[in-house]
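Below is one structure, written out as structure tokens, with a few remarks after it.
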Amino acid sequence: MPRPATRARPATILDVAQAAGVSKSTVSLVLQDSPLIRDATADKVRTAATRLGYVYNRRAAELRRQSSNTIAVVINDLTNPFFTEVLVGIERKLLEGGYITLMAHTGESLDLQHRVLRSMREHHTAGIILCPVLGTSPQLLQEVRAWRIPLLVLVRPLGKGSYDYAGSRNERGTMLATRHLLRRGHRQVGFLGGQSGTVFDDRLRGYRRALKEAGCAFDAALLCRSKPDREGGYTGLQQLLAAHPKLTAAVCYNDIVALGALAALGELGVAAGRDFAIIGFDGVRDTAHSNPPLSTVDIHPDGLGEAAAQLMLERLQHPKRASLRYVAEPTLLLRQSG
């Protein structure tokens, strides 16, 4: 009676080394994408691994090293396309550096952010890029530092201090937008969207600075705080116009608020750009295709993402370097709405 066929054992790293005619350590370095190995040797090792059907157990290697090739990216609001574009830039630059992205969305929940960060720690991520939820304590910086995991704070600074940060010149951006509207002859300019936090404070400060520069008094009644989303912009602009029918322009906290405001103007029969001027903030791609196309303060979201990732790569290469910082310079991108 013929003996049943036995399943061949899985190929090992030693099999690959023997087939490629190199050492086990050389195979290991190639599979970790090390730049120390010559291209010709690396190609020979990869060809042998493919022929033998060898699958590199990266997780096991990470556990042995107590590190990984993953960078955690924790975002507060992925429903906002601004953060989606930032994430694309982050992923592109990290991939060039040999890292992959492990993404999490906190939905502005402190509790969820707490749990997510601890999960990232347990996965031994090589670094964390965090856009903190509103109300995050600066004490988080010391907590993560104690984990010995590099942390880069994105968009929303956590107070003063020594930490890696990537964001934009918020005050200057809203100052440029407000100054433009005032120079176009608008004597009443509202500020729409946002509720609290350093970014809100900075953008409001730029709005007030432009008013003061033009000799216009700040009117708190023209400030409409709302959630920084479409619904906030939609309902907020309706409230502003109901209370101030002579209002002719508004600077918005971000582009999503501005897109909601455009929808409200359409329902009210008010022509954006002709009867009422709107300027957003961020420079997301969707603004070019709104009706009408939205004027915005452009901080180039994908470029901001790439810059943040580059800072993280530099931190990983130079753990003891002084704090790293990138602040995007805003430009006013004028279209039909403003």
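The values are calculated or read from the model by the stated rules, or taken from the named source; none is laboratory data. Not measured: the values here are computed from a predicted model. Neighbour counts are summed over all protein chains in view; Cβ atoms, including those assigned to glycine, are modelled from backbone coordinates with ideal geometry. With ligands, DNA and RNA removed, areas are computed over all heavy atoms of the protein, side chains included. Shrake-Rupley method; radii C 1.70, N 1.55, O 1.52, S 1.80 Å.
Of all residues in the range 83-100, exactly one satisfies the criterion of being over 15 Å from L313 (Cβ atoms) and either open to solvent by less than 10 Å² (accessible area, probe 1.4 Å) or assigned to a loop (DSSP other than H, G, I, E, B) (or both), namely V86.
With respect to the conditions (1) assigned to a helix (DSSP H, G or I); (2) more than 23 Å from K227 (Cα to Cα); (3) touching a Ser or Thr at 6+ places or on another chain (Cβ under 9 Å), R315 lacks only one, and its number is (3).
Residue by residue, here is whether (1) out of contact with any Ser or Thr (no Cβ under 8 Å at 6 or more places or on another chain); (2) over 17 Å from T296 (Cα atoms); (3) open to solvent by 20 Å² or more (accessible area, probe 1.4 Å) holds:
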residue	(1), (2), (3)
V189	no, no, no
T198	yes, yes, yes
R203	no, no, no
A210	no, no, no
A214	yes, yes, yes
D219	yes, yes, yes
L222	yes, yes, no
G232	no, yes, no
Q239	yes, yes, yes
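Restricting attention to the range 318-334 and to residues that are closer than 23 Å to L94 by Cα and assigned to a strand (DSSP E or B), the residue that is farthest from the chain's Cα centre (by Cα) turns out to be R325.
Just to be sure before I move on: is I71 outside any helix (DSSP H, G or I), of a type in the set (A, V, I, L, M, F, W, C) and at pLDDT below 85 in the structure I sent? Taking the combined requirement at face value, the residue does not satisfy it.
When the range 286-299 is limited to residues that are over 14 Å from F83 (Cβ atoms) and part of a loop (DSSP other than H, G, I, E, B), the one that is most open to solvent (accessible area, probe 1.4 Å) turns out to be N291. Of all residues in the range 126-148, those that are within 19 Å of the chain's Cα centre (by Cα), closer than 23 Å to N69 by Cα, open to solvent by 10 Å² or more (accessible area, probe 1.4 Å) and not small (G, A, S) total 1. Can you spot a residue in the range 253-262 that is out of contact with any Asp or Glu (no Cβ under 8 Å at 6 or more places or on another chain) and either closer than 30 Å to P150 by Cα or outside any helix (DSSP H, G or I) (or both)? Among the residues of the range 253-262, at least one is out of contact with any Asp or Glu (no Cβ under 8 Å at 6 or more places or on another chain) and either closer than 30 Å to P150 by Cα or outside any helix (DSSP H, G or I) (or both), which makes the answer yes. Assessment of the range 266-285 against the conditions (assigned to a strand (DSSP E or B), out of contact with any Gly (no Cβ under 8 Å at 6 or more places or on another chain) and either aliphatic (A, V, I, L, M) or closer than 24 Å to G197 by Cβ (or both)) yields at least one matching residue. Within this structure, G173 fails the test of being crowded, with 22+ Cβ neighbours inside 10 Å and not in a helix (DSSP H, G or I). Determine if the range 101-122 includes at least one residue that is open to solvent by 70 Å² or more (accessible area, probe 1.4 Å) and within 13 Å of the chain's Cα centre (by Cα). Scanning the range 101-122 turns up at least one residue that is open to solvent by 70 Å² or more (accessible area, probe 1.4 Å) and within 13 Å of the chain's Cα centre (by Cα).
Within the range 147-170, the set of residues being part of a loop (DSSP other than H, G, I, E, B), among the β-branched types (V, I, T) and without any contact (Cβ under 8 Å) to a residue 40 or more places away in the chain comprises just one member, I149.
A quick yes/no check of all residues on (1) surrounded by fewer than 23 Cβ atoms within 10 Å (Cβ to Cβ); (2) within 30 Å of G127 (Cα to Cα); (3) of a type outside the set (D, E):
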{"position": "L247", "(1), (2), (3)": "yes, no, yes"}
{"position": "D255", "(1), (2), (3)": "no, yes, no"}
{"position": "A258", "(1), (2), (3)": "no, no, yes"}
{"position": "V284", "(1), (2), (3)": "no, yes, yes"}
{"position": "L313", "(1), (2), (3)": "yes, yes, yes"}
